[in-house]
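Everything below concerns the one structure shown next.
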Amino acid sequence: MEEYRDLGVTVEVFMKTLDRPGLEQANAGIALQAYIPDSFLAQKEINAWARKRVEAGGAPVTMRLVKGANMESERVEASIAGWPQAPYQRKIDTDANYKRMLLEAIANTDVVRLGVASHNLFEVAYALVLAWKRWGDADDLERALTLNPNDYNAIYALGAMFEQFRDPDRAYLAYQRAKGEGSRTRLIGRFGA
């Protein structure tokens, strides 16, 4: 999902497509941008739909959370057309919505796999800590989260998280697995939405 005007139709097409017979086990994902206030409501709608899908025997879906890459173009388009701003106008509001969406996502990782997208190491580490608190086990954490295979910040954040929990062996293992085996590892293989 790239722009505000596409949010509703993207969510509807995503869910209706995956509701078609024969697609119950399809692996599919959607990206939601936190700079759009309505993304939180869309997230809740997808989570409720995904819960019904999984309860009926279907596969979980993936949701990738991003702060938003098109904020400036949205502002320019609204300004030229004389429309009210669709995205949040202040970065602090976008950041708060991202964290609110992250909490909602972590609470639903049993039915929606979470893809965390950020250039900010704190955001990635925060997601990992929230997931750790929810799941508590490294293997469960790997199953719950998806990250970007080239996102060395995420790898570093995972290692830093283990270090924070005073487990230098796991920190070193996470680093070595990422470095030595690349996309073949379960941890790194889970990256990507």
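A few comments on the model shown:
- Residue-level check: of (1) modelled with pLDDT of 75 or more; (2) in a helix (DSSP H, G or I); (3) in contact with a strand residue (DSSP E or B) (Cβ under 9 Å, 6 or more places away or on another chain), ARG143 misses just (1).
- Residues of the stretch 14-58 that are open to solvent by 80 Å² or more (accessible area, probe 1.4 Å) and over 18 Å from the mean Cα position of the chain (by Cα): LYS16, ASP19, ARG20, PRO21, GLU24, GLN25, LYS52, GLU55, ALA56.
- The number of residues in the stretch 12-51 that are assigned to a loop (DSSP other than H, G, I, E, B) and among the aromatic types (Phe, Trp, Tyr) comes to 1.
- Single residue of the stretch 80-107 satisfying the filter (within 11 Å of the chain's Cα centre (by Cα) and not charged (D, E, K, R)) that is most open to solvent (accessible area, probe 1.4 Å): LEU103
- Cβ-Cβ under 6 Å pairs, at least 6 apart or on other chains, the stretch 103-123 side in contact (Cβ under 8 Å) with a residue 12 or more places away in the chain and within 13 Å of ARG64 (Cβ to Cβ), far side hydrophobic (A, V, I, L, M, F, W, C) and open to solvent by 20 Å² or more (accessible area, probe 1.4 Å): GLY115/ALA193; ALA117/VAL66
The values are calculated or read from the model by the stated rules, or taken from the named source; none is laboratory data. Just so it is clear, the model here is predicted, and its values are computed rather than measured. Cβ sites come from the backbone with ideal geometry, for glycine too, and all protein chains shown count toward neighbours. With ligands, DNA and RNA removed, areas are computed over all heavy atoms of the protein, side chains included. Shrake-Rupley method; radii C 1.70, N 1.55, O 1.52, S 1.80 Å.
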